[in-house]
Structures are given as structure tokens and as C-alpha cells.
Amino acid sequence: MADGFVPWPAHEAERYRRAGHWRGTPLGRLLRDAAAEHGGRTALVDAGTRLTFAALDAEADRVAAGLATLGVRSGDRVLVHLPNRAEFGVLLFALFRLGALPVLALPGHRESELRHLCDLAEAVAYVGVAELDGEDHRPLARALLTACPSLRHAVTVGDPDDPDALAVATGWADLARDPVPLPDPDPSGPALLLLSGGSTGLPKLIPRTHDDYAYNARTMAVLCGLGPADVHLAVLPIGHNFPLACPGLLGAVTAGAATVLAGNASPPEVFPLIEAERVTVTALVPPLAALWTKAAAWVDADLSSLRLVQVGGARLPEPVARELPGALGCDLQQVFGMAEGLLCATRPGDPAETKATTQGHPVSPDDEVRIVDADGAEVPDGEPGELLTRGPYTLRGYYRAPEHNARAFTPDGFYRSGDVVRRMPEGGLVVVGRVKEQINRGGEKVSPEEVEQHLLHHPDVAQAVVIGVPDDVLGERVCACLVLTQAPASAPDPAALGEFLHGRGVAAFKWPQQVETVTTWPLTGVGKIDRRALTVLAAGHVRTTR
Ligand code: OOB
């Protein structure tokens, strides 16, 4: 079995196969089957490209052959750092067909995160873009090549100077080769590595198998009633589990539906796209759901094709949940999911009240959920407790993380989600908080510890505690509480800290939006730093925005 991968116990794997969840189909074959059935239909659209299933299928074969020529082999890891562009889809299926594992970084990640991911996965290749939003990414690619010993290739999409660049517009430039026969990878082995939100420092890697991820995507596609007439719009970063496979791009491929990749989620840009492409389904995080709900009144576009908006990633405020269906003229589905596996969702037939007030229930009949107190004992229905889960698409261990795994899983294989939930009388779950130390900035997950470690390198910072503070727009914002080294001329503000973290190659979504300086820490009864007291203090102060 692939190194660093913790498989399901044989008897459980057998049960999932017998139930028809795991079908032994490698992910690369999902596209092959779609091309056979819907070859002439549109599969993938971005600002400059439109590919049919047949074309996407053929391009994936050609890029798989090109990667094989570069020396990428089955089982190798490839760090994928692409925005919402058609190249992502081609590369993803090319890697699936090769049996090489994409490591799906977010577009916002920078050198600090990418180096960590490269080293942890021992990636042999990095694929990024030459330029993103006016920022030249080629120095980043070169820096990674120098810094990461395992890396043999850094490919930059759209780079006129890179002989291996990928570019749909130029027929995939030099990376594409005539297809070569490739053996199917083992469907019960890992197909890709997703990123965890990270609570203890840097992100962990989540191995998802061909079998489990195909089931994940198919189940969500069925639940959302996706068919060949649907057009799925991805506005969230496509390397994130939600727009990728819940049902996302993979679910759309399974159903013969098109996927439109948008690089921007702002209503004046994306609403006309919905109108032009007749988008039917999309996935949003709560701040975007709130923005779209408001914008429907002032952006002039025909949104009548939209039938379903999924919202997840963070708690959706109830007023937004109640307003959204009327404002956007569609159904709402709340999704409580995690890259680790378990997906809960409200169902199309649920009462409006359930859709507005709960995060739904698990999508598989074989998802097992326990809601437990601090001693691990199950709490009665209606009481809050930590959600533990195992099932046919929930990981049994992070990749290459045996010590962390010993804490993150119960001895009988339940994943400790760190989320505090309550089970409502009709079965729906409501997320009421968390026990993990993680900040959820409108769906973007930030590990306080990771940011604290960076801040300690600032010359004016003696000690740092990073907390999440309630925020009207984001749900939570990132706040740095600092003890300064003896009296610098002026305390660093968010802009200065942002610049500092930028210099350290830290993704912008982790930069503190608020800074509090203290001379002594509030302490708990047992003498630990009292984060709750700091949160109360920070929440009482006027918001300092960047
Ligand atoms: C999704 O995945 P991740 O891995 O970025 O984050 C998972 C965490 C959960 O453990 C929970 O803390 C939070 O994000 N979360 C929610 C939520 N959905 C996720 N908290 C409250 N309400 C919700 N509806 O975020 C993700 C993956 C697949 C589908 C949807 C979201």
C-alpha cells in the first residue's frame, strides 16, 4: 500500500464495496465514461476556453503523456497551484490517469505554504501560473525549485518562456504529447491529497482514494439532482473540496453536466456570466451568499436559470438563509462538509425551516456520527458535543502524520472533527462551535499557531497570540494580540504586519485584520493564556481594517 496512507480495515472496505459505494472505478475513468456518453457536450468553460467532454478527455491523455515524458510516474506527488482555469481540469485528469497524486494548494498560498506542502509530500513537480491578478508568479516557481530538494520540475501555465508551459490557447504548448497507454491505478489507493484547514500549525494532507472520492462526488451529484442539462459554476477556488467534488467539477463530470470556472465571485462580474452560461448550480461560502443576496437587487442580470445555491464552509447566518431563496430565485442547500470526508446537507424536499436553520444530515447511509462530551461519552439529542465520524469517504489517517493521527482519531477509527454540533429533533445537525484551535474566516481556515510562529520573527514582537474575533461580514476575523519588545517607536498595525507576512511568503487570507497590544496576558485559573478574555477585549474595540 502507498506509503503514508492509512487504509480502511478490510472488513469495512468489503462492506462499502458490497453496498455499491466503492465501485473500483479510477477517477480518470469518470471522464472517459462521460466522453463516451456526452462527447459533444460542453464539459469545461473558462474566460478563454470551451472544451467538450471529448476534447477534455483527449487533452487529459495528451498531458498525461507529456508528464510521463518529464518523468512523472504513478504514485509521484505533483503540487498543483492553479486558479480557476481550464488547465486545472485537464491537469487533474491527466494526473489521475497517470496515477500521480495532485496536492491541491489554494491560489492564495505563497512560498511559505507551498514549500511546506512540497516537502511534506516530496513533490516531484510544481504546476502554477506565470501570472495571477497582475502578480508575476515565476519567481515563486523558481524559488520553490531551489528550496525543495524533491522538486524536479516547475511548470508555469501561460508562460511564453517556459518550454513545458501548459496553455489551452496554444494547444497545450510543449507539455502535451501523443497519448501513451497507461495502466489504471489501484482504485482503492490514494488518488489525490487535499489540504486540511490546519489547527495545529501547518496544513496536513488528506489522502482521498479513487473509490471514496468518486462516491463523494456521485452521492452529492445525485442528491443535487445533477444531470446533463445542468451547468455548474465554480467561484470558490477549484482545488477546495466543495467546488471540486460536492458535487462540484467531479460530480458534474459524473453527471455529464458542464462546469464554468470563474476567476472572480463579485456580483457585477459573475451575474452576467450566470446569465450568459445559463448556470443552474453553484457553491458559495456565507460571506458570498450574503453579498449575492444583497446584490440581486442592484446588479441587472437574468438569474432565472439558477435552481440551487449551496452554502457551506462556515456558519450561515439565519437571516441570510431566509432571504437568499427569494432574492436569487432558487433553492438553498446548506452544506456542512470537511476535506477529511463527512458531508452533511439539507435535502431538496426538506421544509424551508430545516433549510434555513440546520446544516442537514450526513449524505451516506453508512456515515457514522457520534456526538460526544469531553470524556468521549455520547450526549443526548439536542445537547452540544464534539462530532466524531467514520464512513465510506472519511479518511482513516492524515498522510505521513502518525503522531497527529494518534490524537485525531479514536482507536476504533472515528475522526475527531473538532466541531461542536447539536442534533435537532428532525435529525438535522446544527454547528454551534468548535473545540479545535482554528479561525474560520468566512470559510477560509487559519491556524492561529502557524500565524503566531511567523509573527514571532517580527523584530518588535516578543510574544504573539492569534485569535478569531466575531465579524459581521466574515463571521470571524483574524486578530493578532501582541506583547511588544521594549517600546518600539510605534506598534505594528495590520498593514505593517501584512507587509511583514507577505515578505515571509504567507497567504494574504491569514494576515491579521486587527492588532491588539497588551503588556500582560489575561490568564485562566490554571495559568494558561485566556484566549476567551482576549477575544472579548478585541471584540470590544473598533474594527481596524487593512
Ligand atoms: C469545508 O471544508 P474544510 O476542510 O475547508 O473545512 C471544514 C470545517 C469543518 O470542520 C467546520 O469547522 C467548518 O469547516 N464548516 C462549517 C460548515 N461547513 C464547514 N461550519 C459551520 N457551518 C457549515 N455549514 O469547509 C467544506 C467541504 C465540503 C463542503 C463544504 C464545506
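Rolling a 1.4 Å sphere over the protein heavy atoms, what is the accessible area per residue of the chain, to the nearest Å²?
39 Å²
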Enumerate lysine pairs in the chain that are 8 or more residues apart or on different chains, then count those whose Cα atoms are under 25 Å apart.
-> 12
State which helices in the chain qualify, where a helix is a whole DSSP H run, it must extend 18 Å or more along its own axis by its Cα atoms, and its mean Kyte-Doolittle hydropathy must be at least -1.0.
-> 53-70, 86-98, 210-223
Inter-label distance for Asp412 and Thr524, nm, one decimal - labels placed 7 Å from Cα along Cα-to-Cβ | 2.8 nm
Among Gly413, Gly475, Gly397, whose Cα lies farthest out toward the positive end of the dipole of region 390-499, if unit charges sit on the beta carbon of Lys, Arg (+1) and Asp, Glu (-1)?
-> Gly413
Would you compute the Debye intensity of the chain from its alpha-carbon atoms alone, equal scatterers and no solvent, and pass along log10 I(q)/I(0) at q = 0.06, 0.10, 0.12, 0.13 Å⁻¹ to two decimals?
-> -0.28, -0.82, -1.22, -1.45
Projected area, mean over directions - region 1-46, Cα convex hull, nm² = 5.5 nm²
Starting from the Kirkwood radius over alpha-carbon pairs of region 26-186, derive D by Stokes-Einstein at 4 °C in a medium of 1.567 mPa s and give it in µm² s⁻¹.
-> 83 µm²/s
Among the DSSP beta bridges whose two residues both lie in the chain, what percent are antiparallel, rounded to the nearest 5?
-> 60 percent
For the residue pair Arg142 and Met424, what label-to-label distance in nm results when each label sits 7 Å from Cα along the Cα-to-beta-carbon direction?
-> 5.5 nm
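Restricting to DSSP loop positions (anything but H, G, I, E, B) with no more than 14 other Cβ atoms inside 10 Å of their own Cβ, which GluC sites (Glu not before Pro) remain in region 373-471?
When the GluC sites (Glu not before Pro) of region 373-471 are filtered for loop state and at most 14 Cβ neighbours within 10 Å, Glu426 remain.
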Quick one: if the Förster radius is 22 Å, what FRET efficiency do Glu135 and Gln486 give, using the C-beta to C-beta distance and rounding to 0.05?
-> 0.05
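For the chain, give the magnitude of the charge dipole about the Cα centre (Cβ charges: +1 Lys/Arg, -1 Asp/Glu; no others), in debye to the nearest 20.
With only Lys, Arg, Asp and Glu charged at Cβ, the dipole is about 500 debye.
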How much length is gained if the chain between Glu122 and Ala10 is pulled fully straight, taking 0.36 nm per residue apart and subtracting their Cα-Cα distance, in nm to one decimal?
-> 37.5 nm
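At a 1.4 Å probe, what is the % contribution of carbon and sulfur to the accessible area of the chain?
53 percent
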Dipole of the chain (Lys/Arg Cβ +1, Asp/Glu Cβ -1, origin at the Cα centre): which of Ala141, Met338, Phe53 lies farthest to the positive side?
-> Met338
How big is D for region 424-546, in µm² s⁻¹ as a whole number, if Stokes-Einstein is applied with the Kirkwood radius of its Cα pairs at 10 °C and 1.306 mPa s?
-> 104 µm²/s
Given labels modelled 7 Å from the Cα in the Cβ direction, how far is it in nm from Thr517 to Leu456?
-> 2.1 nm
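The values are calculated or read from the model by the stated rules, or taken from the named source; none is laboratory data. No experiment lies behind these values; they were computed from the predicted model shown. Here Cβ is always computed from backbone atoms with ideal geometry, including for glycine, and neighbour counts include all displayed protein chains. To get the accessible areas, we keep the full protein, side chains included, count just its heavy atoms, and leave off ligands, DNA and RNA. Shrake-Rupley method; radii C 1.70, N 1.55, O 1.52, S 1.80 Å.
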